[in-house]
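Here's the structure we're looking at; comments come further down.
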Amino acid sequence: MLAFPSTYSVGITSLGFQVVWATLARRADLDVRRLFTDRGDPAHRHCDLFGLSLSWELDGPVLLDLLEQQHIPLWSRERGEEHPIVFGGGPVLTANPEPLAPFFDAVLLGDGERLLPDFVEAVIAHRNAPRAERLRALAQVPGVYVPALYVPRYGSDGRLLSIEPIDADIPATVAKQTWRGNTLSHSTVITPEAAWPSIHMVEVVRSCPELCRFCLASYLTLPFRTPSLDDGLIPAVEKGLTATKRLGLLGASVTQHPQFDDLLTWLDGDRFDDMRVSVSSVRAATVTPQLARILARRGSKSLTIAIESGSERLREVVNKKLSRDEIFAAARYAKEGGLTGLKLYGMVGLPSEEDDDVEATAALMLALKKATPGLRLTLGVSTFVPKAHTPFQWQGVRPEAEKRLKLLAKRLKPRGIQLRPESYGWSVIQALLSRSDRRLAPVIAAVRGRHGSLGGWKAAYRAALAGEAHVSFQPLAPMPPWEEVIHGRWDIKTTLPWEHIHGPLSKEVLAHHSESSGIKPGAFDHRSTTNAKPVSN
């Protein structure tokens, strides 16, 4: 059984979920069924494997509902010989599996194309062995993390000291695995019921060479990979055009494919006149008149660029190699090419940000509106959330971000610029899930049925702090303070919850990247939480 923690419409739009399902379904020795929150394929009479693809932290608690629906014990340690191996993957689990670790038997770290064949072979080879022996065998597969075989060790003050294997036969660390083939992924299911109806998605690039210092999509998926135009991209597009006339080109920075101009020229041919083409976010400096013209000709209405901040100083801090002139040129080219809208993405609460930097974002948007009259401008804004395996992983969520979202609304909405802010409160919960260790598992279990409520999360955390979570899993140390997990700036010597998970770059290299921006990992600073709302609120 392969599950997705959302509805069919959302899940079937996930290219990662499609890739995993197709990779498994192609095998003659597997019978794969899919499960979503609102529907599923007919269940097996007996299930050997139960998998979950997780791409967003806030979907984590849904796993428990899906397990219960299938009559599978929630906690790994409570499963017996008759229960399936519960495994998971996706960027959330690859970055930091620890908050959800007690619920999984195995976590696949990295690219599914690289991991799944070896994982399945190991499962089949040991399927008749006792459950404990099967788990030990899986732990020997590169990139497969078996949480039950690792134990966190805490100091007398409750600080995490290490996460260690239970014996010398288990690898001390687990490394993320990387797919290095000449092709990337594309849709295997095209349906009008998808969130993006009847679209054929083609992955143009994986990772991003820009390395913005907060960006999980860039750092966790290194190295930057591009499939061949003739052997990868064109065949993938052609395959989809037998079923639909909608094409989506995906990737963190699609226009930085070295042959992207050639791909555009090919898509500009007359044979594609009845096809609609859309692209995900593009690097502003790569927007050209040709790109805007072809996208407009192929049915796109708008273009999306990430600017992060209107402040040039702050863009330099986060390593956003983008000038003011390049932002204005992107808007001008979008309008001249026939596009009617430009969507920009920014952030508040970035390390070292001041109110003046936020004012600079507002000023930039107003100047863009004046420079490109008639172009519909939209600004999407999120709060900075520190992510594992990035240079800013030691930073915390800044409480000032909440008022700065309101400041942007005050400056922009009356002037006719559409603002789409993400909830500050939910960014806090996202940070809780991205920065915690296994001690968060009782909170995740206790918040079931209330995980759509900020108050539900705070109540569950208070209960865990008081030892009243009423779940069978008891952490080996007391819960850390809410403020320290979410808002704390951690020292470089802090043992990170994901210390035993090796990403593309070492901790030392990430620290160097952070220091290169002028942002040094520092000891927990209570001044950074002066305005933070305590968990008791």
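The values are calculated or read from the model by the stated rules, or taken from the named source; none is laboratory data. Only a predicted model underlies this, so the values are computations on that prediction, with no experimental measurement involved. Virtual Cβ from ideal backbone geometry, glycine too; neighbours counted across all protein chains shown. Just so you know, the surface numbers come from the protein's heavy atoms only, side chains and all, with ligands and any DNA or RNA stripped out. Shrake-Rupley method; radii C 1.70, N 1.55, O 1.52, S 1.80 Å.
When both segment 16-82 and segment 405-442 are represented by their alpha-carbon centers, they are found 30 Å apart. Taking all protein chains into account, the per residue accessible area for the chain stands at 41 Å² (1.4 Å probe).
Would you mind calculating the relative contact order of the chain from Cα pairs under 8 angstrom and at least 6 residues apart, reporting the percent as a whole number?
Averaging sequence separation for qualifying contacts and normalising by length gives 13 percent for the chain.
Between segment 361-382 and segment 453-489, how far is it from one alpha carbon centroid to the other, in angstrom? A separation of 41 Å, based on Cα centres.
As an exercise, use a Förster radius of 51 Å and the Cβ-Cβ distance of Ala168 and Ile492 to find the FRET efficiency, rounded to the nearest 0.05.
After rounding to 0.05, the efficiency reads 0.95.
Convex hull of alpha carbon positions in the chain: directionally averaged projected area 24.2 nm². Lacking any other cysteine beta-carbon closer than 4.7 Å, the following Cys residues of the chain have no compatible partner: Cys47, Cys208. Split the accessible area of the chain by element, probe 1.4 Å, and carbon with sulfur accounts for 51%. The trypsin sites (Lys or Arg not before Pro) of segment 408-509 that meet both conditions, a loop assignment by DSSP and at most 10 other Cβ atoms within 10 Å of the site Cβ, are Lys493. Only helices enter this figure: runs of n ≥ 4 DSSP H residues, each worth -39500 (n - 2.57), summed and divided by the residues of the chain, yield -9000 deg cm²/dmol at 222 nm to the nearest 500.
Here is the list for segment 57-149: trypsin sites (Lys or Arg not before Pro) lying in DSSP coil, each with at most 14 other C-beta atoms within 10 angstrom of its C-beta, are Arg127.
Of the Cα atoms belonging to segment 3-47, the radius of gyration and Dmax stand at 10.7, 28 Å. Of interest is the spacing of the C-alpha centroids, which for segment 387-401 and segment 193-241 amounts to 26 Å.
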